Each structure stands twice: as structure tokens, then as C-alpha cells.
Amino acid sequence: MPGPAAGTAHAATTTDVVCLGESMVTFLPSQPGRLADVPSFGRGIGGAESNVACALAAAGHRAAWVGRVGADGFGDHLVETIAGYGVDTSAVRRDPDRPTGIYFRTATDRGAGAHEVAYYRAGSAASAMSPSNVPYGEVFAGRILHLSGITAALSADCLELLRELTAPRQGRPLVSFDVNHRPHLWRGGDASVLLELARRADLVFVGEDEAEEAWGIVGAEAIRAALPEPAVVVVKRGSAGATVFASGLRPGPRSSNAGGAEDAAAGTGSGDTVTVVPALHVDVVAAVGAGDAFAAGFLSATLRGLPVRDRVRHGHLMAAAVLTVPGDLTEPPARDHADRLAALDDGAWGRLRLGPGWTAADRASEEVRTS
């Protein structure tokens, strides 16, 4: 299968982050309850990588989404909606023979026993992505390339594509990889390949729970030990917050990131710095899309060269914006607003509680809620 040449290097670019993966039309329930009992659904969009692109664009970054959708109305809706967030969708390909994926879900938390999701994505246009049909010039056009393990689970061709995109090569952008283990996608498959892909990335996002479920690895330190190569490993620990292991980028082809992306990677010297940042207290409306929003907030702060602690805090704040609305996407807090909250001392950060509408809060109300 043809892929990018070993010496491919992206040229000077105005794109900050390119996100590649499947986006689907999602149908959100009009009321709580079993799928069998929900009388109607509202239409939205869902997809880990496109969610990250939309959040980054809404936060003022130049983001692009690369994907594959059907030549159908749902494909039109996806491309138009994602572009409406300010995302560059010019590299999205239309498949005349395969449909756009869709899914239905209940209103409950994804981790709850009553949560239901009905996917109609088998044979989707996105599952046909492969090393032979992806526009590599556009994929490698940003300072950061963001990928997720969901794509690897869609088909053998998609897995081979991710292996191509994460392969060490001169001039590749900084590769960000969200493990995003989805057990239902790996039935009959081997989720250990996610560990292989994560080890080839520069920046990895992984939850403690998914590392245990997918790889049998328990605890943040053990996860870092299993992922020694990435410069930055962000271990998400749910309500306990996040632990970041950061070091300098490794020498060799993977350190030849153009556009200054290597300057955005955390850490100095050859050893790890370990940063632990508590989670926020959030009045949750719907626990969907938070992981994607966290990644977007962390990447946004990374692009700005902020300290590791503030990168995690921006991740928590972006996640809190999504957690306090019903869908996967929302308008993030204004940058100066988020910067002000991220700069709080540890005591004020620990007292902060965010609920619906918090992104529009003024400084006076913040002072009250953190006192």
C-alpha cells in the first residue's frame, strides 16, 4: 500500500492541529430512559477527533479535520456542522459507495450500567480509510497531528493507516494520541495494539480505567513504565484529576517536528517531571465528550507554551464546559476567562465549583464561588 515517503516533511503551515478520524451523526434522546422508550431524538454530531478539532477552533486555533463520509445527507450535515465551528474540512473525502456512520444513545453517563448506545457504523465510509486513500499532504500540514485509538478499531485498513501515521519519520508533526479504548469496538480484536500505537506517539492521553481494561496495567506509574517513549503521558484519573509525566522529546527522526511543536512539548532534560493536578468540582449535566474536550484544552495550552500544570487545568476547564451542557460540544470559556481560572492558587482551584452557564460568568461571580 502506498504511504508517505520516509523523508516526507510538512512545509511551513498556518494550521495548528490536524485531527483525523471518524465523525458520525448522533441522535440525542429527548428524555431519559431506555432507547426502547425514548419517543424522539435530536440530531447532533459526534466523533472524538472532530470534537477536538471543533473545540480547538472555537478556542481560536487553526484546526483541520480529515475524515471520510458518505455522499449522503448525513455526510453533508457533518461537514457543514464541523465547518461551522471554524474547522477546515477541505481534506474530507466523500465515499459514493459507503454510508456515513450514525448512532443513538441514552441520556445516562457512559459509565453507568443503564447507558445504551446503538451504533450503525459497520461498513461506514470512515472504516474505508487506508494508507492508499488519505491525503498525506493535508494530514501532515499542522504543528500537531491528533489521532485516537477509535480509528484503529474500525478496520484492518484503518489500523494500518494509524501505523503509517505514527511511524517515526523525519519532519513528522508532533503526534498526539488519545487511547480512547472502546470495548465494544474491540470484540474479537486485540486492544493491545493501542499500546503499540501509543508508544509511537509524542503525547499520549490515557485513562487509568481504560489502561487497566485494555492492557491490564494498574496505576499511573505503571502506565508510564509501559509507555517510556512518548515525551508526555497524561494519565486521566477521573475525579482524582490527572497525572502528567513529561520529559524532553527523544532524539532521532521523531524529534524533528517543524513549526515549533517540539517547543510546545513539556519537560526538560532526560528525566520525567511529574505533575499532579486535581479535577474540578462540576455540576454535571451529561458526561459525554469530556475526554475530547480535555484533550483540546491541553493541546490548546500546549500550543501556547503554558506550564504543564496550566495545560492540565485548561484541559479540566474545557471538559467542564462540555460536562455542563447536554451534548458533546459547546462554546468554550473565553481565553482570558480560562487563563484567570487556570492561574488560581491551589486553594482557590480546589474550592471552585462550576455549573451550567459558568463559561459566561464574570469575575465577580468567580470570586464568590471560589471564596
Once you keep just the Cα pairs under 8 angstrom separated by 6 or more residues, what percentage relative contact order results for the chain? 15
May I ask you to derive the relative contact order of the stretch 182-252, considering only C-alpha pairs under 8 Å and at least 6 residues apart, and to give it as an integer percent? 30
Placing each pseudo-label 7 Å from Cα in the direction of the beta carbon, Glu229 and Arg304 end up separated by a distance in nanometres of 3.2
Taking only the alpha-carbon positions of the stretch 126-196 as identical scatterers, the Debye log10 I(q)/I(0) at q = 0.14, 0.26, 0.27 Å⁻¹ comes out as -0.42, -1.30, -1.37
Could you give the radius of gyration (one decimal) and Dmax (whole number) of the Cα atoms in the stretch 158-200, in Å? 11.4, 36
With charges only on Cβ, +1 for K and R and -1 for D and E, what is the dipole size of the stretch 29-101 about its Cα centre, in debye, rounded to 20? 100
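So if each residue of separation counts as 0.36 nm, and I subtract the Cα-Cα distance between Asp157 and Arg187, what length gain in nm does that give?
Computed gain between Asp157 and Arg187 is 9.1 nm.
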What translational D, rounded to a whole number of µm²/s, comes out for the chain from Stokes-Einstein when the hydrodynamic radius is the Kirkwood one over Cα pairs, at 20 °C and 1.002 mPa s? 104
Positive-end residue, the chain charge dipole about Cα centroid, Cβ charges, pick of Ala222, Pro96, Ala290: Ala222
Stretch Leu344-Tyr119 to full length: gain in nm at 0.36 nm per residue minus the Cα-Cα span? 76.9 nm
For the stretch 299-343, the spread of Cα positions along each principal axis, largest first, Å: 31, 17, 14
Given the options Val38, Val274, Val244, state which has the largest fluctuation in a GNM of the chain using a 10 Å cut-off (strictly under) for Cα springs. Val38
Give the residue from Leu306, Leu197, Gly238 lying farthest towards the positive end of the charge dipole for the chain; charges sit on Cβ (+1 for Lys and Arg, -1 for Asp and Glu) and the dipole is referred to the Cα centre. Leu306
Two-decimal log10 I(q)/I(0) for the stretch 32-160, as the Debye equation yields it once each C-alpha is a single scatterer, q = 0.12 Å⁻¹: -0.51
The extension gain from Ser30 to His77, computed as 0.36 nm times the residue separation minus the Cα-Cα distance, is 14.9 nm
Inter-label distance for Arg94 and Ser40, nm, one decimal - labels placed 7 Å from Cα along Cα-to-Cβ: 3.0
Within 10 Å of each candidate Cβ there may be at most 15 other Cβ atoms; applying that plus a DSSP loop requirement, which trypsin sites (Lys or Arg not before Pro) in the stretch 70-143 survive? Arg110
Only helices counted: for the chain, with every DSSP H run of 4 or more residues adding -39500 (n - 2.57) and the sum spread over all residues, [θ] at 222 nm is -9000 deg cm²/dmol
If the only charges are +1 at each Lys and Arg Cβ and -1 at each Asp and Glu Cβ, what is the size of the charge dipole of the chain around the Cα centre, to the nearest 20 debye? 240
Rounded accessible area per residue of the stretch 42-193, 1.4 Å, Å²: 35
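The values are calculated or read from the model by the stated rules, or taken from the named source; none is laboratory data. Computed from a predicted structure; not experimentally measured. Note: ideal-geometry Cβ built from the backbone for every residue, glycine included; neighbour counts use all protein chains shown. The accessibility values were calculated without ligands, DNA or RNA, using every heavy atom of the protein model including side chains. Shrake-Rupley method; radii C 1.70, N 1.55, O 1.52, S 1.80 Å.
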